[in-house]
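Here, each number is a calculation from the coordinates, and none is a lab measurement. Small disclaimer: the values here were computed from a predicted structure and weren't measured. Here Cβ is always computed from backbone atoms with ideal geometry, including for glycine, and neighbour counts include all displayed protein chains.
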Amino acid sequence: MEKVITYGTFDLLHYGHILLLERAKSLGTHLTVGLSTDEFNTAKGKQSYFSFELRRKLLSAISYVDEIIPEENWEQKNQDIVKNNIDVFVMGDDWLGKFDDLQCKVIYLPRTPDISSSGIKKNLIIP
Ligand code: C2G
């Protein structure tokens with residue numbers, strides 16, 4: 001079983017996230033997502049619209065996702081990779097080069113243009 005992992009906030013789930021998860025899953029037979037906790041988002045300088053629990057609920061409904069673990073800090077990736085027998089780490093290429101030292105194969109995938117959670121928040125005019 002070729003195991004893949006990726007990490008993120010996945011707030012206001014949109015097709016950019018879905019295309020990333022679809023391509024990540026196609027690189028193996030099992031996909032684990034390290035989902036940023038609300039506390040870690042604060043550390044990342046991000047305020048998600050949906051709570052961790054709601055973001056986890058949404059992600060768990062996606063067929064590409066086999067397992068979800070909490071992402072609580074920047075340092076846990078290598079430990080996650082060892083503990084979960086991960087073969088491939090995948091991230092969008094907005095992170096290009098940032099995770100090259102991880103102890104498994106590292107693949108950066110082209111980010112889907114013209115869609116982002118922050119853009120959705122900005123453009124949504126809630127009456
Ligand atoms: N993504 C994408 N295309 C978009 C938006 C996002 O491919 N239009 C990808 C990102 O590159 C990332 C994943 O979807 O690989 C999740 O994106 P975010 O939720 O924005 O994750 P981020 O805040 O970048 O957190 O330790 C890593 C961090 O937790 C990543």
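Some points to look at:
- Computed from the alpha carbon atoms alone, the convex hull of the range 17-66 holds 80 Å³ per residue.
- Summed residue charge, Cβ within 10 Å of K77's Cβ, Lys/Arg positive, Asp/Glu negative: -4
- Dipole of the chain computed with +1 at Lys/Arg Cβ and -1 at Asp/Glu Cβ about the Cα centre; of M1, N85, S36, farthest Cα towards the positive end is S36.
- When only Cα pairs below 8 angstrom with a gap of at least 6 residues are kept, the chain shows a relative contact order of 31 percent.
- Simple spin-label estimate for Q79 and Y15 gives 3.9 nm between the two label positions (7 Å along the Cα-to-Cβ direction from each Cα).
- The chain: angle of helix 15-25 to the longest principal axis, Cα-based, in degrees nearest 10: 10
- For G92, distant residues with modelled amide H under 5 Å away: L109
- Loop-located GluC sites (Glu not before Pro) in the range 55-93, at most 16 other Cβ atoms within 10 Å (DSSP): E72
- Database remark: amide H of H30 closer than 5 angstrom to the amide H of E2, V4 (H placed geometrically; neighbours at sequence offset of 5 or more, or on other chains; Pro and chain starts carry no H).
- Model label points for I107 and L124, set 7 angstrom from Cα along the Cα-to-Cβ axis, are 3.1 nm apart.
- Per residue, the Cα convex hull of the range 1-91 amounts to 83 Å³.
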